[in-house]
Amino acid sequence: MKTKPLVLSICFALLSFAFASSASTADTKIEQAIRDLDEQWSKAAGAKDVDKTVSFYSDDAIVMPPNAPGATTKEAIRAIWKDLLTDASISWKAKKVEVAQSGDLAFSSGTYEVTLNDPTGTPVKDHGKYLEVWKKQADGTWKCVSDMWNSDLPASAPAEKK
């Protein structure tokens, strides 16, 4: 008689492990999908492909570049990237990706490097960090819904008024 509760307990434990394992496998697949998308996105920006770069955003995305207003339309987002990619070389790499328990949201964070020309045409190197929020779309694809980045370099002092 005492073996029945033991058998039920073991079955319950095995089923719990199976469900936890399948959820973990799904999270790992989503995490890898986000890492792959982020790498493809960085390559598109590195190739100065504005259309491909902008295609990683959802229709309702917000882009929050440093020292500038946020962009909430595709046209405004395109303008940011067109301006940035005209005179800059850029790349980034995800360091961390986490998936929400719901499986429909994820975030990635990492570091970026950019070289751009200052107003005199002199190349200036910058590096910093970024944070992206990804959302699974109705068609099953993943798109970035929120993107922000900022420099690790100290802010330059404002010019003194004369």
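The values are calculated or read from the model by the stated rules, or taken from the named source; none is laboratory data. Quantities reported herein were computed from a predicted structural model and do not represent experimental measurements. Note: ideal-geometry Cβ built from the backbone for every residue, glycine included; neighbour counts use all protein chains shown. For accessibility, only protein heavy atoms count, side chains too; no ligands or nucleic acids. Shrake-Rupley method; radii C 1.70, N 1.55, O 1.52, S 1.80 Å.
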I'd like the full set of residues that are part of a helix (DSSP H, G or I) and buried (at least 17 other Cβ atoms within 10 Å of the Cβ), limited to segment 36-57. L37, D38, W41, S42, A44, A45, V50, T53, V54
What are the residues in segment 91-106 that are in a strand (DSSP E or B), open to solvent by 60 Å² or more (accessible area, probe 1.4 Å), farther than 17 Å from Q40 by Cβ and touching a residue at least 24 places away in the same chain (Cβ under 8 Å), if any? E98, L105
Looking at segment 58-75 only, could you name the residues that are in contact with a strand residue (DSSP E or B) (Cβ under 8 Å, 6 or more places away or on another chain) and part of a helix (DSSP H, G or I)? K74
Being loosely packed, with under 13 Cβ neighbours inside 10 Å, at pLDDT 95 or above and part of a loop (DSSP other than H, G, I, E, B), is that true of even one residue in segment 1-14? no
Is it the case, given these coordinates, that K143 is part of a strand (DSSP E or B) and either open to solvent by 70 Å² or more (accessible area, probe 1.4 Å) or aliphatic (A, V, I, L, M) (or both)? no
If we scan segment 115-135, do we find a residue that is open to solvent by less than 60 Å² (accessible area, probe 1.4 Å), among the aromatic types (F, W, Y) and assigned to a strand (DSSP E or B)? yes
Run down A88, A76, A71, A138 and say which single residue is surrounded by 13 or more Cβ atoms within 10 Å (Cβ to Cβ) and under 24 Å from R35 (Cβ atoms). A88
